[in-house]
Amino acid sequence: MTVTGADDTIDLVVNDGSSAPGLDVFHTLEFQALHQSVAHRTFSCAFRRRRSHAILGVAHFHESSEGRFESPWRGSFGGFAMAPGVRLPPSQLDGLVSAVESYLRDAGAKDLTLILPPLVYHPDETSVWINVLLRAGFSIRACELNQAIAITGAFTDRLDAGNRKQIAKAVRARLTCRPLAPEEYHLAYAVIEANRHKKGHQLSMSWAALWSMCEALPACVRCFGVHRDDGALIAAAICLRINPSVLYVFYWGEIGGVESLSPVTLLANHVYNYCVDERIALLDLGTSTLNGVPNEGLIRYKRHLGAGESLKLTLHKALT
C-alpha cells in the first residue's frame, strides 16, 4: 500500500524489520520483541519513503484476542509515531492511517485501540495525530491526567514547605539516596512489590519480565534507592528513559514503617537531580487517574513536588 505526497511516494511495509532511529522506547522493535510471544499476532508497520528508503514513522499493533487490535499490547503508550524531525502534512497522515486500517482490516481486525503518549511529551506531533485520528472516525475511550515535572531550576525551589521539611528530616535521619547497580535491581523490585501488596495491589510487570527488559534495553532502565545508615534499602524507584528528553518513573515506593521519614520525597529529589545532570528535560510521574477518575490525594502529592498535568488519551474505532 502506498500514500502519494508532494515529496515522494510513501510505502507501508509490515513486519520486515524496518524501524527509525530516535523513537520513544515503546515504539522500538526491541521493546516490541519482548511481548510478541504473548499476543496472538503482531503487526509492526513502518512508513518508508520510496525514493530514499528512509523510515518516516511506525505503528505497532498486537492482536490481544480475535479481531481486537491494540497499540500498545504492553507499555505505557503506542499509536502512530514519526521519526524525530519528520513533519508530514495532515493530508499525508490521513493517508497513512487509512493504509494501516485497510491492511489490518484485511488481516481480520474488528476494532482498534490506541493509547497515545502524554500530550506533554510531543505536544505538536500528538496534537496533530489526535486531529487526524478523530477525523478518521476514532473516538475518545479514556481521558487520563498525567503528571510530570519540567526540569528547570532547583528541585527544592518548587516544593511546598512541608516537603522541604521532609527532605531535611530524612537527611537528619542519615538517609542517603544513590543509583543502584543492575545486580541490585531485584532489591528495588522487592521493595516496590511489598509496598503494592500492603495496599492490596499487584505490580503490572513480573520481575522476570522486568529483567528481560533490562537485558534487552540496558540503556533504558535506571533504578534508584534510599538507604538507612545501616545499609538497608527502604525506598526505591524504577525508571525508564523514554527518549533523551524524558525519564519516566515506572514504579516507586517505600517499605512499611518508614512513612514518617517520607523517603520517596528524598528519592524524588535525587531523581530530579539525576535529570539535571543528564540534561533530561522532563520527569514523568505517570497518571493520577484510573478510568478517568482522579485520585485527588495522588494529584495533590505530585503537585506539591512541582508536577503539572497533561492529557493522556485512549482512542478507539470499530471497523465495520
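Here are the numbers for the structure shown:
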{"item": "Partner aspartates and glutamates for Lys317 [C-alpha distance under 14 Å; skip if fewer than 8 residues away on the same chain]", "result": "Glu70, Glu101, Asp111"}
{"item": "Overall form of the range 1-152 per C-alpha gyration tensor (a/c, 1.5; a/b vs b/c)", "result": "rounded"}
{"item": "Added length on full extension, which subtracts the Cα-Cα distance from 0.36 nm per residue, Asn15 to His304", "result": "99.5 nm"}
{"item": "Ala194 paired with His40, simple spin-label distance in nm, labels 7 Å along Cα-to-beta-carbon", "result": "4.2"}
{"item": "Alpha-carbon Rg with Dmax, taken over the chain, Å", "result": "20.9, 66"}
{"item": "Solvent-accessible area per residue for the chain (1.4 angstrom probe, square angstrom)", "result": "45"}
{"item": "Candidates per GluC sites (Glu not before Pro) in the range 69-153, loop by DSSP, up to 12 other Cβ within 10 Å", "result": "none"}
{"item": "Environment charge at Glu70 (Cβ cut-off 13 Å; Lys +1, Arg +1, Asp -1, Glu -1)", "result": "+3"}
{"item": "Shape of the range 177-320, Cα gyration tensor, a/c cut at 1.5", "result": "rounded"}
{"item": "Within-14-Å neighbourhood charge of Ala109 [Cβ basis; K, R +1; D, E -1]", "result": "-1"}
{"item": "Gain on full stretching of the segment that runs from Asn273 to Ala154 - 0.36 nm per residue minus C-alpha separation", "result": "42.0 nm"}
{"item": "Length gained when the stretch Ala107-Ser127 is fully extended (0.36 nm per residue, less Cα-Cα span)", "result": "4.3 nm"}
{"item": "Nitroxide proxy distance, nm - points 7 Å out along Cα→Cβ at Lys165 and Ser245", "result": "3.8"}
{"item": "FRET efficiency, Arg174 to Val86 (Cβ-Cβ, R0 51 Å, nearest 0.05)", "result": "0.50"}
{"item": "Rounded to 5, percent antiparallel among DSSP beta bridges of the chain", "result": "90"}
{"item": "Share of carbon and sulfur in the accessible heavy-atom surface of the range 183-319 [1.4 Å probe, %]", "result": "52"}
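The values are calculated or read from the model by the stated rules, or taken from the named source; none is laboratory data. The structure presented is a predicted model; accordingly, all values stated were derived computationally and were not measured. Glycine gets a Cβ as well: all are built from the backbone with ideal geometry, and neighbour counts include every protein chain shown. Heads up: the accessible areas ignore ligands, DNA and RNA and are worked out on the full protein's heavy atoms, side chains in. Shrake-Rupley method; radii C 1.70, N 1.55, O 1.52, S 1.80 Å.
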